[in-house]
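To keep things clear, I will list the structure first and then write my remarks on it.
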Amino acid sequence: MAKFRGLLLPLLACLVLPVASQAEQRWLHIRVDESGPEGEKVRINVPIELAEAIMPTIESEGFRKGIIRLYGLSESEVDLPKLIAALRDARDGEYVRVDSQDEKVRIRKEDGRLLIDVDESGAAAEKVHISIRMEVLQAMLTERNNELDALAALQVIGEEDGMLVTVDSEDETVRIWVDDESGEEEEDNR
């Protein structure tokens, strides 16, 4: 998992922030449950129009006015527009599969979505599932190869409901999903 953390954090940020195009009826839900008797439980239910309004006001390391900076990736290392265009135009299928003693990684495309699954084993095992529509990846492109436009992605996510990210580990469980409900509902049926 350590190999993928540098890419997963910006990708998770892109998934968390871009959630729907018709904001007045769409909600982003984040649920984090830490394990243990003193584990914290976090519930965030945010209307999309609020996320759209506040995103341009946020400035922190790696995130400025809706733009995510991909540290460790120079502009000349990867041509993101060509990479995303190739993924968009490619047929569905499994593109990457890594089976090792410590982890299993799958990257595939199904029904216009890029799906990333990481299943670690061992003492600090985690299971991560990410699902992102190809249109969202396309919208995130900027003039610079080492930046992603999360605000643009926010403005193009469709009307569909569903799970965006799941993380299951010994320490915590994380769920991020979008729907038209203002409060948290049990999303496991989605």
K41 fails exactly one of the following numbered conditions: (1) farther than 27 Å from D119 by Cβ; (2) at pLDDT 90 or above. What is the number of that condition?
(1)
Scan the range 126-156 residue by residue and report those that are in contact (Cβ under 8 Å) with a residue 24 or more places away in the chain, in a loop (DSSP other than H, G, I, E, B) and out of contact with any helix residue (DSSP H, G or I) (no Cβ under 6 Å at 6 or more places or on another chain).
T142, R144, N146, Q155
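Does the range 162-173 contain at least one residue that is in a helix (DSSP H, G or I) and at pLDDT 85 or above?
Checking the range 162-173: not a single residue is in a helix (DSSP H, G or I) and at pLDDT 85 or above.
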Inspect the range 44-51 for any residue being within 19 Å of I176 (Cβ to Cβ), modelled with pLDDT under 85 and touching a Pro at 6+ places or on another chain (Cβ under 9 Å) and give the result as yes or no.
yes
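Has the range 57-78 got at least one residue that is in contact with a Cys (Cβ under 8 Å, 6 or more places away or on another chain) and surrounded by 12 or more Cβ atoms within 10 Å (Cβ to Cβ)?
The answer is yes; a qualifying residue exists.
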It is to be established whether one or more residues within the range 91-100 are among the hydrophobic types (A, V, I, L, M, F, W, C) and outside any helix (DSSP H, G or I).
yes
Pairs with Cβ under 6 Å, 6+ apart, first in the range 27-55 and assigned to a loop (DSSP other than H, G, I, E, B), second open to solvent by 80 Å² or more (accessible area, probe 1.4 Å)
S35/D171
Scanning the range 96-114 residue by residue, those open to solvent by less than 90 Å² (accessible area, probe 1.4 Å) and closer than 25 Å to Q138 by Cβ turn out to be V96, V105, R106, I107, R108, K109, E110, G112, R113, L114
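The values are calculated or read from the model by the stated rules, or taken from the named source; none is laboratory data. Bear in mind that the values here come from a model prediction, so they are computed numbers and not experimental data. Reconstructed Cβ throughout: ideal geometry from the backbone, glycine too, with neighbour counts over all protein chains shown. In case anyone asks, the SASA skips ligands and DNA or RNA and just uses the protein heavy atoms, side chains included. Shrake-Rupley method; radii C 1.70, N 1.55, O 1.52, S 1.80 Å.
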